[in-house]
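To start, the structure under review is shown below, and the notes come after it.
The values are calculated or read from the model by the stated rules, or taken from the named source; none is laboratory data. Treat the numbers as computed from the prediction; the structure is a model and nothing was measured. No Cβ is skipped: glycine too gets one built from the backbone with ideal geometry, and neighbour counts run over all protein chains shown.
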Amino acid sequence: MTRRSSELFAAAQECIPGGVNSPVRAHRNVGGEPFFVGRAAGAKIWDVDGKEYIDYVGSWGPAILGHAAKVAVDAVQTAAARGLSFGIPNPLEVELAELICQWMPSVEKVRMVNSGTEATMSCIRLVRGFTGRDKVIKFDGCYHGHVDSLLVKAGSGALTHGSPDSAGVPKSFAELTISLPFNDVDLVRKTLNENKDEIAAVILEPIPANAGLYLTVLGKVIGGGLPVGAFGGRTEIMNRLSPDGPVYQAGTLSGNPLAMAAGLAQLRELERIDGWELLEKLGTTYEQLTRDAIAHAEIDITFHRIGSMFCLFFAPPSIVDLGGAKRSNLKNFAKFFHACLERGVYFAPSQFETGFISTAHTPDDIEATAKVVREALRSI
Ligand SMILES: Cc1ncc(COP(=O)(O)O)c(C=O)c1O
């Protein structure tokens, strides 16, 4: 670990629990200490001592155009000069809401919030208010933020930090959540039948939206790197929200002008450059090169990719649920992570997180990364 990062981490541990403001950042899954970022641009980040990395965390998703994308930074600067927060409706909220409704026809109305957690929390309250039912079905290992009733067999940091069922969640809350194995449709049907008229919602991650998903929850990318979440759906359901309906939901910073401006700029730029096509292309190249590297490895590895998101499990195929993922050799993952980090490639510091490619990753970045992956696999 670089010197200034080490000093900062020591200082952070004195005043911030675990030295971090979100658990996975602490690198406990892979050992060692986190580095502190000095700046980031495009697909690169530089730590506070100036070491350069090709980044595949991308702020855990929002940096889909790469870091400090000019369109988003310009939009934020313009918005900031007009005021940082009003607590009064501003035109950008309408623009972003219209864009989301236009892109997602199932979303007729959308309410902006400040994080994914807040979006899922409010969404669950709304569906409970709308249906008059209390129970929620989720799936083992799926993470929906740190909402009390969703921290049951949750994934992400909750999984790797040994507390998929968090302390501090009253048993009576957790009892309203039914967590089922992923990819077992018959079991979902059976559970729905056994709990007839009791299930308010089925919440799914990612979104193979069948089996009665009532609302759409959005986050990360729609905020362009600023704190944003949103949830939306049919007008009939959304109208149950305050001030129209009886389900209370509020937020002083919701619809914040900087966040709306960054999100709008990012989404419009994605559309302008046909970002999805570009990401699929980069993802395909990365997949081909990685599969080639894996073919030469002598350990069990399973590689998954969808669009710009990917994961390299240190476990044999096939992996279709949490049980499969948990067969991963975490020691090998930790060795791989550090071998890549040393060589200037930053993957998420946990076997149970995803890699993100951005539109700012160049074919050269992808090739350099594949070379590092091959070397790192050889070093295990
Ligand atoms: C599917 C999903 N839902 C909700 C969340 C929580 O979002 P936030 O961290 O913004 O609260 C996450 C975060 O990783 C997520 O991946």
Checklist entry - Where residues in region 287-311 are on the phi < 0 side of the Ramachandran plot and under 20 Å from the mean Cα position of the chain (by Cα), which of them is surrounded by the fewest Cβ atoms within 10 Å (Cβ to Cβ)? => result 306
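Out of the strands (runs of 3 or more DSSP E) lying entirely within region 215-311, which hold 2 or more residues that are under 26 Å from residue 204 (Cα atoms), assigned by TED's automatic domain parsing to the domain that holds residue 204 and of a type outside the set (A, V, I, L, M)? Full working, then the answer.
Details: elements: 215-219, 229-233, 302-306.
Output list reads 215-219, 229-233.
Looking at 14, 33, can you tell me which residue is more than 24 Å from the chain's Cα centre (by Cα) and not assigned by TED's automatic domain parsing to the domain that holds residue 243?
Details: 33 fails: more than 24 Å from the chain's Cα centre (by Cα).
None of the other options fit; the residue is 14.
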Checklist entry - Of the conditions (1) at negative phi; (2) modelled with pLDDT of 95 or more; (3) of a type in the set (A, V, I, L, M, F, W, C); (4) under 23 Å from the mean Cα position of the chain (by Cα), residue 68 fails just one. Which one is it? => result (1)
Checklist entry - Can you name the residue in region 48-60 that is surrounded by 21 or more Cβ atoms within 10 Å (Cβ to Cβ) and away from the ligand (no atom under 16 Å from the Cβ) and is also nearest to residue 356 (Cα to Cα) among such residues? => result 55
Next on the checklist: Checking residue 93 against (1) assigned to a loop (DSSP other than H, G, I, E, B); (2) under 18 Å from residue 223 (Cβ atoms); (3) charged (D, E, K, R), only one condition comes out false. Which one?
Outcome noted: (1)
Checklist entry - Does region 151-173 hold any residues that are in contact with a Ser or Thr (Cβ under 7 Å, 6 or more places away or on another chain) and either modelled with pLDDT of 85 or more or away from the ligand (no atom under 16 Å from the Cβ) (or both), and which are they? => result 173
Item to check | Checklist (1) touching a Gly at 6+ places or on another chain (Cβ under 7 Å); (2) closer than 24 Å to residue 259 by Cα; (3) modelled with pLDDT of 95 or more applied to residue 9, failing item | outcome: (2)
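Is it the case, given these coordinates, that residue 242 is among the polar types (S, T, N, Q) and surrounded by 22 or more Cβ atoms within 10 Å (Cβ to Cβ)? Reasoning before the result, please.
Working: among the polar types (S, T, N, Q): yes; surrounded by 22 or more Cβ atoms within 10 Å (Cβ to Cβ): no.
No.
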Next on the checklist: Anything in region 102-150 that is basic (Lys, Arg) and away from the ligand (no atom under 16 Å from the Cβ)? List them, or say none.
Outcome noted: 109, 128, 133, 135
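Considering only residues that are in a loop (DSSP other than H, G, I, E, B) and out of contact with any helix residue (DSSP H, G or I) (no Cβ under 8 Å at 6 or more places or on another chain), look in region 21-35 and name the one that is nearest to the ligand (Cβ to nearest atom). Give the derivation first.
Residues of region 21-35 in a loop (DSSP other than H, G, I, E, B): 21-22, 27-35.
Those still in the list that are out of contact with any helix residue (DSSP H, G or I) (no Cβ under 8 Å at 6 or more places or on another chain) too: 21, 27.
On the way: 21: 11, 27: 17 Å.
In this case the residue turns out to be 21.
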